[in-house]
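*Asks:* Handing you this structure, nothing more for now.
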Ligand SMILES: [Zn+2]
């Protein structure tokens, strides 16, 4: 292989791979293992994934037990090549714990915190490809500035939601960092992983909360079955309280490649715009980037 050949970087989730593709701007090959609608909690490596990992100069994954089915393989590759769990590089004090023990892995829900995790990815890329390191760092600076601008606009928009309506009810507990960062109460049917099933009791408790707080909208997720959300709506209806589906949010996977929502910025824009508009706040229908034109609602 010539010394100037492009480096191969494998990223498990698109929330890592797509920003890095933008930052690398063609100077490195960024290969993503999981695409639209894929649940990283449950995803198992395929034979072709393993071949990609074998060829990789650098492997990036989220960590904090998100990619629960591939941890053994990541440890094995880490003996031979640089393998970085980018969310594991964050200080414990910045991470949410769940049920008092495990860390919540859904760090990309807070763009500020995610930019720190992505900075670790950029550092790792710069270390394996030193001639291009200044190029990557300059691009990363521009990318993080865009991310900060989106974060500021999202923050202002969430503040327009009436205070009593700032509750986000979802299928699984992926929005903890989003809620912490933007000041929304987050209520979820399943825990931080989709690996374990939600109990009837949990659904009953949530129905109580919906009725008591007069919460009128719940959200579905693109990677999780709607079944539990439907049970919640039916439970509330049986108590005489109407609840509707406020839209689909991207929780653990982004939109289709080649679409605005297939980018980290677009995915985030979609989520914030959907949440703010559904809960009675002000946000432009086409999103902060003016690119959500194909939206159905
Ligand atoms: Zn999740």
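Values in this text are rule-based calculations from the coordinates and carry no lab data. Note that the structure is predicted; figures quoted are calculated from it, not measured. Glycine also receives a Cβ, built like all others from the backbone with ideal geometry; neighbour counts cover every protein chain displayed.
*Asks:* For segment 46-202, what size does the Cα cloud have along each of its three principal axes, sorted from largest down, in whole Å?
*Replies:* 53, 38, 28
*Asks:* On to the next question. With label points built 7 Å along Cα→Cβ from the Cα atoms of residue 29 and residue 204, find their separation and express it in nm.
*Replies:* It is 5.6 nm.
*Asks:* Okay, next question. What is the distance in Å between the Cα centres of segment 1-67 and segment 199-236?
*Replies:* Using only Cα atoms to place each centre, the spacing works out to 35 Å.
*Asks:* Give, in whole angstrom and from largest to smallest, the semi-axes √(5λ) of the equivalent ellipsoid of segment 47-103, with λ running over the eigenvalues of the Cα gyration tensor. Mind showing how you got there, number by number?
*Replies:* Values: eigenvalues 125, 31, 13 Å².
Semi-axis lengths for segment 47-103 are 25, 12, 8 Å.
*Asks:* R0 = 35 Å: FRET efficiency of residue 238 with residue 196, Cβ-based, nearest 0.05? Before the final figure, lay out the partial values.
*Replies:* On the way: r = 25 Å, r/R0 = 0.73.
Efficiency computed from Cβ-Cβ geometry: 0.85.
*Asks:* When only C-alpha pairs under 8 Å and at least 6 residues apart count, what is the relative contact order of the chain, in percent? Write down the numbers at each step before the final one.
*Replies:* Numbers: 504 pairs, mean separation 52.7, N = 297.
After rounding, I find 18 percent.
*Asks:* Something else now. Which FRET efficiency value, to the nearest 0.05, do you get for residue 259 and residue 127 by plugging their Cβ-Cβ distance into 1/(1 + (r/R0)^6) with R0 = 22 Å?
*Replies:* Efficiency, from the Cβ-Cβ distance: 0.10.
*Asks:* When each pair of different Cα atoms in segment 1-118 is counted once in the 1/r mean, what is the Kirkwood radius in angstroms, to one decimal? Walk me through the numbers on the way to the answer.
*Replies:* On the way: mean 1/r = 0.0671 Å⁻¹.
Every distinct Cα pair counted, the radius reaches 14.9 Å.
*Asks:* Once the Cα atoms of helix 133-158 and of the chain are each reduced to a long axis, what angle between those two axes, in degrees from 0 to 90 to the nearest 10, is obtained?
*Replies:* Between the helix axis and the principal axis of the chain, the angle is about 10 degrees.
*Asks:* Then there's this: Per DSSP H run of n ≥ 4, the term is -39500 (n - 2.57); total these for the chain, divide by its residue number, and report the mean residue ellipticity at 222 nm rounded to 500 deg cm²/dmol. The partial results should precede the final answer.
*Replies:* Numbers: 9 runs with 120 residues, N = 297.
The helix contribution divided over the chain gives -13000 deg cm²/dmol.
*Asks:* Can you tell me the orientation of helix 227-238 relative to the chain, as the angle in degrees between its alpha-carbon axis and the longest Cα principal axis, to the nearest 10?
*Replies:* 10 degrees
*Asks:* Can you pull the one-decimal nm distance between simple spin-label points at residue 227 and residue 94, each 7 Å off the Cα toward Cβ?
*Replies:* Each label point is offset 7 Å from its Cα along the Cβ direction, giving 3.7 nm.
*Asks:* To continue, here is another question. How big is the antiparallel share of DSSP beta bridges in the chain, given as a percent to the nearest 5? Intermediate results must be reported in sequence, preceding the final value.
*Replies:* Details: 2 of 22 bridges.
Bridges in the chain are about 10 percent antiparallel.
*Asks:* Over all directions, what mean area does the Cα convex hull of the chain project, stated in square nanometres? Mind dumping the intermediate values first?
*Replies:* Working: hull surface 62.2 nm².
Reported value for the Cα convex hull: 15.6 nm².
*Asks:* Volume per residue, Å³, of the convex hull around the alpha-carbon atoms of segment 160-217? It would help to have the intermediate numbers written out before the result.
*Replies:* Details: hull volume 4.1 nm³, N = 58.
Value for segment 160-217: 72 Å³ per residue.
*Asks:* Also, I was wondering about something else. So for segment 158-297, what percent of the C-alpha to C-alpha distances run longer than 25 Å?
*Replies:* 24 percent
*Asks:* For the pair residue 185 and residue 213, how long in nm is the line joining their label points, each one 7 Å along Cα→Cβ?
*Replies:* Each label point is offset 7 Å from its Cα along the Cβ direction, giving 0.4 nm.
*Asks:* Please report, to two decimal places, log10 I(q)/I(0) for segment 127-240 at q = 0.13 Å⁻¹ as given by the Debye formula with identical point scatterers on the Cα atoms and no solvent.
*Replies:* Results for segment 127-240 at q = 0.13 Å⁻¹ read -0.63.
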